[in-house]
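Worksheet: one structure, shown below.
The values are calculated or read from the model by the stated rules, or taken from the named source; none is laboratory data. Bear in mind that the values here come from a model prediction, so they are computed numbers and not experimental data. Neighbour counts are summed over all protein chains in view; Cβ atoms, including those assigned to glycine, are modelled from backbone coordinates with ideal geometry. We work out accessible area using only protein heavy atoms, side chains counted, and drop any ligands, DNA or RNA first. Shrake-Rupley method; radii C 1.70, N 1.55, O 1.52, S 1.80 Å.
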Amino acid sequence: MKSFYTWYKKHITGAIFTGLVLGILTGLFLAGRFAPVLTVTSLLGGIYMNALNMIIFPLVFCSIVMGITSIGNIRTTGKITGSALLFFISTTALASLVGIVIPRLIQLGKGVSFEMATSDIQATEMTSILDTIKNLIPSNPVTAFAEGNMLQVLVFAVIIGFTLISVGEKGEPVLKVIDSLNEICLKIISTVMYFTPIGVFCTIVPVVEANGTSTIISLATQLIILYIAFFGFAFIIYGLAVKVLGKANPLRFFKAILPAALNAFGTCSSSATIPISKKCMEDDYGVSDKITSIVIPLGATVNMDAVSILMSFMIMFFANACGIHVSVSMMVIILLANVLLSIGTPGVPGGAIASFTALATMAGLPAGVMGVYISINTLCDMGATCVNVIGDLACCAVLKEKIKLSK
């Protein structure tokens, strides 16, 4: 049993992909017949979705608080951390701009129509930017959690995080409780993720059965466009950063980091890639371990450029497919919320599911889109993780030139 568990854990990505393919084939086969099978898959898919949703809000709150307090401590390491944060903030801003502009220019999702196989929730009423700002501070944090007001939960977490930094030692007991709760949430979500292949199968079957081949074609087109945006951003933005700021040959940089990039693509885990990333930068590119020891772990925590692009593309795709208007101001708020969600979120497979659930709620998307998103999350996550890791290493290459340290 232990050997099977180890094997399954190692091949979870392949299992999820297998669940996706089998789900699509099963959905096409069941179209218009075998209703009892669809009932069972819908039931199991609903249980899986509820298990994910159960932990979203406490996980988001705890991860943001822990991320903020961690960054607050890291800042004392000085110039390296400040420079790295400036690099990550700048590239995230560019990624957010790409995520806002490109989907609107190409009208991503227009002409696509999804018939949701599960009951839709009432779309959230869009409020003006002034009303949103006015309601940022929760008058009752418990109500914010109970009503699922993700933006207020985010703001409350930020307030708690910075307050814990300011009170210092006296806040340690509370911080330890939140840290323990965060570990519990991570353990729960990790356990749920082991059932992801089954969950993907059961959530995609009813969707494909209801929509047929049009769903597959539209999702495949979406993934192609998404990957073009991912790696176009990596080669242009990171390549220019290495050449202009790092004063180095981008081709040499991309050649040196290839093992780390491929590992990130295959494992969907920036955290699991940290040892390989350090080896690539230190041994093959000559960056000091004083830089890599700070920048790479920090990047795995806060550098989510590709996730910003991914979330923007997915929100706009599903909003247009479902006939829901998402204004530019709302998209800006969603992207800012995504940056907060990224802070402290572990770089592990499936991490984007929690973010998408929170952001989709803010955008007023129907609950049924989650089944579709989860079914392709692994394919999206592979490219996003790869690009995020490339961004971490590009920062190392830039700081090698800007901050002269012995290797």
Spacing of the two label points (7 Å from each Cα toward its C-beta) at GLU172 and ARG104, in nm
4.9
With the crude spin-label approximation of a point 7 Å out along Cα→Cβ, what separation in nm comes out for THR163 versus ALA220?
5.3
Let me cross-check TYR8: its accessible surface, 1.4 Å probe, with only protein heavy atoms counted, in Å² to the nearest 10?
50
Could you give the nm distance between label points at TRP7 and ASN140, where each point is 7 Å from its Cα heading toward the beta carbon?
5.4
Could you order GLU169, GLU401 by accessible surface area, starting with the largest, using a probe radius of 1.4 Å?
GLU169, GLU401
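For ASN50 and LYS255, calculate 0.36 nm times their separation in residues minus their Cα-Cα distance, and state this gained length in nm to one decimal.
Values: separation 205, 0.36 × 205 = 73.80 nm, distance 4.32 nm.
My answer for the length gained is 69.5 nm.
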³J(HN,Hα) across region 323-338 via Karplus (A = 6.51, B = -1.76, C = 1.60, θ = phi - 60°), whole Hz, x for Gly/Pro?
x, 10, 8, 10, 6, 4, 5, 5, 5, 4, 4, 4, 5, 5, 5, 5
Measure of exposure for MET66: accessible area at 1.4 Å probe, Å² rounded to 10, is 40
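Given R₀ = 25 Å, what would the calculated FRET efficiency be for PHE235 paired with ILE403, taking r from the Cβ atoms and rounding to 0.05? Could the numbers behind the result be given before it?
Details: r = 25 Å, r/R0 = 0.99.
According to the calculation, E is roughly 0.50.
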With θ set to phi - 60°, apply the Karplus curve 6.51 cos²θ - 1.76 cosθ + 1.60 along region 38-43 and write out the HN-Hα couplings as whole Hz, x wherever there is a Gly or Pro.
5, 4, 5, 5, 5, 5
Please give the FRET efficiency for VAL332 paired with LYS187, using the beta carbon to beta carbon distance and R0 = 30 Å, rounded to the nearest 0.05.
0.30
Sorted by accessible surface (1.4 Å probe, heavy atoms of the protein chains only), largest first, LEU43, LEU59 come out as LEU43, LEU59
